[in-house]
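Here the structure comes first, spelled out in structure tokens, and everything after it is commentary.
The values are calculated or read from the model by the stated rules, or taken from the named source; none is laboratory data. Every value quoted in this text rests on a predicted model; they were computed, and no experiment measured them. Please note: Cβ atoms are built from the backbone with ideal geometry, for glycine as well, and neighbour counts cover all protein chains shown.
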């Protein structure tokens, strides 16, 4: 089987030729191997992250590439400008501004040679005042650009499984508002936030249909990092995530492809709620101490109908462990979850930048050894 076929089969709870192995590469390791300079990677060369990821995960380390792509902007979206406020050799401070018909929305950002892009200020400072401006950004989902998705999908080919990434309402609002203020908004103005999320849900479902209609992607992934039980409660997850998940999953199933939900941190209490969305896969099933998932228990409970991905600890095993620790963790995951298919080996969260290279190779080698059927 090819990497694409192997992951796709596992996501459908089928038994591939062996357990797929995915390294959990986001941006830290690609930046490290392509110049080790965030400014050069993202601001100067604007190197395609998807390209770096597949070249590392599949071509260099021998794993099965697993990537997610987002749609580009619509030509009808409000104008966006970027103004650099301060730039030195090692850092850049800049401001992004959307010029909407309801007024400007601005946020300040920082990026350093060794530091990823991070917010200094957020787009939303007053939810009730700023939401009419935010709503202007949600008006053109069916005209967003999918050309780079199609280019990437064709170039990646059989080297990897490629899905469409759509943020959950809570993740989306957190990106605009900041995580701490997002939590307070959910607690202090729940009815207003329900109205905001309804608008976003309609936008996201329409966008998902637009992307799937005009591409050949393999799956849909819902990004729910800040729906983790390390951040919110099961009650808030049910109230603000469930209907959104049902809408996106239903749209994915109309196009005959699976949908996966990503939640790092402590996720066990949320899995039953997430399953109600009609989801086909759980990711990343983080184990203690950073998470609280017993992979064998989750396999027994959900494994006949929902695929599982992840569980190897990113910090204690991949970053700080030895090759022996990595191989032991991989073997334990295989013993817990590989039976009858439906399991994809992965980490509980993004693999850290300083993870020893020998651990990455050991991860793949152990998977090929213990992941045979």
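The table below gives the values:
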quantity	calculated
Subset of segment 4-28 [assigned to a helix (DSSP H, G or I) and farther than 15 Å from residue 346 by Cα]	4, 5, 9, 28
Test: residue in segment 254-264 that is within 16 Å of residue 337 (Cα to Cα) and at pLDDT 95 or above	no
Only one of 364, 312, 330 that is touching a helix residue (DSSP H, G or I) at 6+ places or on another chain (Cβ under 6 Å) and within 21 Å of residue 33 (Cβ to Cβ)	312
Odd one out for residue 92, checked against (1) in a loop (DSSP other than H, G, I, E, B); (2) buried (at least 17 other Cβ atoms within 10 Å of the Cβ); (3) modelled with pLDDT of 95 or more	(1)
Residue in segment 52-65 that is in contact (Cβ under 8 Å) with a residue 40 or more places away in the chain, within 25 Å of the chain's Cα centre (by Cα), over 16 Å from residue 158 (Cβ atoms) and surrounded by fewer than 17 Cβ atoms within 10 Å (Cβ to Cβ) present	no
Subset tally (residues that are part of a loop (DSSP other than H, G, I, E, B) and free of Cβ contacts under 8 Å to residues at least 24 places away in the same chain) for segment 123-158	2
Residue in segment 103-114 that is under 20 Å from residue 41 (Cβ atoms), without any contact (Cβ under 8 Å) to a residue 12 or more places away in the chain and assigned to a strand (DSSP E or B) present	no
Condition check for residue 56: outside any helix (DSSP H, G or I) and either touching a helix residue (DSSP H, G or I) at 6+ places or on another chain (Cβ under 7 Å) or assigned by TED's automatic domain parsing to the domain that holds residue 249 (or both)	no
Residue 66 vs. criteria part of a strand (DSSP E or B) and in the same structural domain as residue 260 (by TED's automatic domain parsing)	yes
Filter result for the condition that a residue is assigned by TED's automatic domain parsing to the domain that holds residue 168, more than 20 Å from residue 338 (Cβ to Cβ) and crowded, with 16+ Cβ neighbours inside 10 Å, over 105, 25	25
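Yes/no per residue for (1) touching a strand residue (DSSP E or B) at 6+ places or on another chain (Cβ under 8 Å); (2) surrounded by fewer than 20 Cβ atoms within 10 Å (Cβ to Cβ):
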| residue | (1), (2) |
| --- | --- |
| 156 | yes, no |
| 161 | yes, no |
| 170 | no, no |
| 197 | no, no |
| 234 | no, yes |
